[in-house]
Amino acid sequence: MQFRKLAAPFIAVALFASLAFASGTTGSLTADEALHALMEGNAKFISGDVEHLVANSQPARRLDTGINGQKPYAIVVTCADSRLSPEILFDKGIGEVFVVRVAGNVVAPHELGSIEYAAEHLGAKLVVVLGHSKCGAVSAAYDYFTTPEALRPELSKNLASIVNDIEPAVEKAVAVGSGKAGAEDINVDEVVKQIRKKSRVIREMMETSGVKIVGGKYDVVTGAVSLHAEHEEH
Ligand SMILES: [Zn+2]
């Protein structure tokens with residue numbers, strides 16, 4: 001009896017939630033549509049308007065995605081820095097963005113597996129590799145590798161694994177004299193290449209299922225996301 005009493009209103013709310021969001025923006029977006037939705041959200045965030053985030057973070061939305069499942073349309077690979085939460089800076093709510101975060105936005109097998117899962121099983125068509133200005137991880141790697149070997153500080157094995165993955169970007173930045181800011185940009189391009197190189201699943205989905213990878217950088221002061229030249233919206 002008690003179950004029946006609880007079940008009716010629960011089902012009614014669930015039905016309402018699924019109807020209310022049946023025509024929502026999640027799922028089934030092409031990579032270009034997803035990129036457009038993210039950039040449009042970023043413009044709103046810059047102006048201080050996160051209306052979409054607020055509307056899509058309400059209990060009804062939580063209920064809908066919790067019961068009916070998630071269908072994120074974009075995968076964002078970014079840094080763990082506390083200043084750049086992808087949902088906030090892209091003005092997005094629950095169930096829209098599948099986020100993979102690690103200091104320095106590098107990709108090791110765990111991150112690659114997460115990206116593959118979201119593309120293959122959840123249907124997201126867009127992968128955004130998002131670096132950022134004033135990145136502590138890139139800065140630490142830059143300082144480490146530009147210090148003579150004998151004078152380098154001792155790093156824990158775990159921290160070293162992140163710093164080592166950023167080393168190619170530091171080397172290239174040093175070679176062209178672009179400094180830490182340049183290393184942040186080069187690191188994004190390196191990670192885009194790494195995903196293509198190390199994930200057969202993503203490579204195949206790029207050829208057959210319209211999956212795209214784009215690189216970009218978030219400015220922690222202005223709030224703006226700039227896409228790397230080869231990835232600009234058309
Ligand atoms: Zn960072």
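The values are calculated or read from the model by the stated rules, or taken from the named source; none is laboratory data. Computed from a prediction, not measured in an experiment: that's the story for all the values here. When we count neighbours, we look across all protein chains shown, and the Cβ atoms used for this are built from the backbone with ideal geometry, even at glycine. Quick note on the areas: whole protein, heavy atoms, side chains included, nothing else; ligands and nucleic acids left out. Shrake-Rupley method; radii C 1.70, N 1.55, O 1.52, S 1.80 Å.
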Exercise. Identify, by number, the condition in (1) closer than 19 Å to L35 by Cβ; (2) open to solvent by less than 80 Å² (accessible area, probe 1.4 Å); (3) away from the ligand (no atom under 16 Å from the Cβ); (4) not in a strand (DSSP E or B) that R196 doesn't meet.
Key: (2)
Exercise. From the list A183, A229, pick out the single residue that is touching a Phe, Trp or Tyr at 6+ places or on another chain (Cβ under 6 Å) and small (G, A, S).
Key: A183
Quiz item: For residues in segment 118-129 being over 17 Å from V225 (Cα atoms) and either free of Cβ contacts under 8 Å to residues at least 24 places away in the same chain or surrounded by 20 or more Cβ atoms within 10 Å (Cβ to Cβ) (or both), which is farthest from the ligand (Cβ to nearest atom)?
Solution: H121
Quiz prompt | Residues being under 22 Å from V221 (Cα atoms) and either touching an Asp or Glu at 6+ places or on another chain (Cβ under 6 Å) or more than 12 Å from the ligand (Cβ to nearest atom) (or both) - total across segment 143-185 | solution = 5
Quiz item: Which one of the conditions (1) away from the ligand (no atom under 16 Å from the Cβ); (2) of a type in the set (S, T, Y); (3) free of Cβ contacts under 8 Å to residues at least 40 places away in the same chain does Y73 fail to meet, given that it meets all the rest?
Solution: (3)
Self-check item: Restricting segment 93-117 to residues that are farther than 29 Å from A60 by Cβ, within 14 Å of the ligand (Cβ to nearest atom) and within 11 Å of the chain's Cα centre (by Cα), the residue that is surrounded by the most Cβ atoms within 10 Å (Cβ to Cβ)
Solution: N105
Quiz prompt | Test: S82 is open to solvent by 30 Å² or more (accessible area, probe 1.4 Å), small (G, A, S) and away from the ligand (no atom under 16 Å from the Cβ) | solution = no
Quiz item: Which pairs do you get when a residue that is among the β-branched types (V, I, T), found in segment 133-144, comes within reach of a residue that is within 9 Å of the ligand (Cβ to nearest atom) and not in a loop (DSSP other than H, G, I, E, B), reach meaning Cβ atoms under 7 angstrom, with the pair 6+ apart or on two chains?
Solution: V138/G104; V138/E184
Self-check item: Conditions (1) in a helix (DSSP H, G or I); (2) crowded, with 17+ Cβ neighbours inside 10 Å; number of the one not met by V174
Solution: (2)
Quiz item: Inside segment 36-64, can you point out the residues that are of a type in the set (G, A, S) and assigned to a helix (DSSP H, G or I)?
Solution: A37, G41, A43, A55, A60
Practice problem: Specify the residue that is farthest from L227 (Cα to Cα); the eligible residues are those in segment 65-78 that are in a loop (DSSP other than H, G, I, E, B) and open to solvent by less than 10 Å² (accessible area, probe 1.4 Å). | Solution: P72
Exercise. Could you tell me whether any residue of segment 146-156 is out of contact with any Gly (no Cβ under 8 Å at 6 or more places or on another chain), among the hydrophobic types (A, V, I, L, M, F, W, C) and not in a helix (DSSP H, G or I)?
Key: yes
